[in-house]
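Participant: Sharing a structure with you now.
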Amino acid sequence: MSEKIYHYCSIENLEQILKTKSLRFTELNFLEDRNETSLINGKDTYGKCFVSCWTNSAKEQLGMWEHYTGNKPGVRIGISKYLFNKIPQNKCTLDYLKKLSFENKWEWEPTIPEFFCITYTQDSFFLKERIEGNLEISRIEQWGRIKSAAWEEQSECRFKLTILSNYFQIKNFNKRFLDIPFDASQLENMEITLSPLNKPKDNDQVYKILTKYVENISLRKSVLNIRNIE
């Protein structure tokens with residue numbers, strides 16, 4: 001598998017990532033796939049799962065542009081999958097998570113976000129909610145890892161972070177997002193692909209953002225050629 005992963009997003013989201021040197025992790029219950037949840041039989045358990053979603057497909061996909069930029073101006077970010085793996089560069093990540101853990105009496109598992117590729121299946125056994133004894137605890141490891149084969153064309157991979165705590169703290173925990181700092185040195189190898197839906201003024205905006213926050217970045221035009229019909 002390639003060491004580079006890709007993320008389709010708006011120009012505004014690109015600037016936010018570069019400005020804050022962080023990725024937004026979304027709580028599993030707020031993703032678009034309704035089969036994904038950290039609930040068991042519709043109830044909170046002892047954990048919350050947050051993920052940042054990417055693809056390992058280097059081939060541009062029109063459907064990804066349309067789905068994740070909403071047919072509006074955007075970019076595709078290409079970057080190393082080792083955003084959180086290097087030491088001591090990931091000290092900012094660890095310090096941030098330790099601070100959150102201390103303030104909220106959470107236990108983080110793993111220490112830093114883990115990276116993996118989604119497993120796709122048509123087997124309903126792995127997709128439906130089940131509870132057998134204390135299964136809600138053992139299921140935590142599998143949260144965010146399995147999706148229906150209907151989503152397979154996305155070739156999705158993820159960073160995942162799980163919060164473990166007591167039931168009452170989790171029940172009262174209402175954050176939908178966490179912005180997690182990453183190893184900023186990885187920006188040196190980032191590449192940006194301009195959306196085929198961009199107008200010249202949109203591409204100028206992307207260029208200004210890149211020159212403001214990073215150096216020596218690879219900027220590419222889309223291989224797709226789409227006619228804008230208004």
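Please treat every number below as a calculation from the coordinates, not as lab data. Just so it is clear, the model here is predicted, and its values are computed rather than measured. Methodologically, a virtual Cβ is constructed for each residue, glycine included, from the backbone with ideal geometry; neighbour enumeration extends over all protein chains shown.
Participant: In what sequence do Asp179, Asp123, Asp202 fall when counting other Cβ within 10 Å, fewest first?
Facilitator: The fewest-first ordering by Cβ neighbours comes to Asp123, Asp179, Asp202.
Participant: Under a point spin-label approximation (7 Å from Cα along Cα-to-Cβ), what is the His67-Ile226 distance to one decimal in nm?
Facilitator: Simple spin-label model gives 1.4 nm for this pair.
Participant: Something else now. Any chance you could run the full-extension gain for Ala150 through Asp204? It's 0.36 nm times the residue separation minus the Cα-Cα distance, nm to one decimal.
Facilitator: Extra length available between Ala150 and Asp204 comes to 15.8 nm.
Participant: Exceeding 31 Å between C-alpha atoms, which entries from my cross-link table qualify? They are Lys19/Lys72; Lys19/Lys98; Lys91/Lys199; Lys72/Lys212; Lys147/Lys212; Lys81/Lys221.
Facilitator: From the list (Lys19/Lys72; Lys19/Lys98; Lys91/Lys199; Lys72/Lys212; Lys147/Lys212; Lys81/Lys221), the Cα-Cα distance tops 31 Å for Lys91/Lys199; Lys147/Lys212.
Participant: Apply 1/(1 + (r/R0)^6) to the Cβ-Cβ distance of Thr121 and Asn216, taking R0 = 35 Å, and write down the FRET efficiency to the nearest 0.05.
Facilitator: Step by step, r from the Cβ atoms, then E = 0.25.
Participant: Give the order of His67, His7 when sorted by the count of other beta carbons within 10 angstrom, beginning with the fewest.
Facilitator: His67, His7
Participant: Further question on the same structure: Can you tell me the order of 14-25, 143-154, 212-223 when each peptide is scored by its average per-residue count of other Cβ atoms within 10 angstrom, highest first?
Facilitator: 14-25, 143-154, 212-223
Participant: Right, another one. Could you work out how far apart the two model spin labels at Asn174 and Arg34 are, taking each label as a point 7 Å from the Cα in the direction of the beta carbon, and quote it in nm?
Facilitator: 2.4 nm
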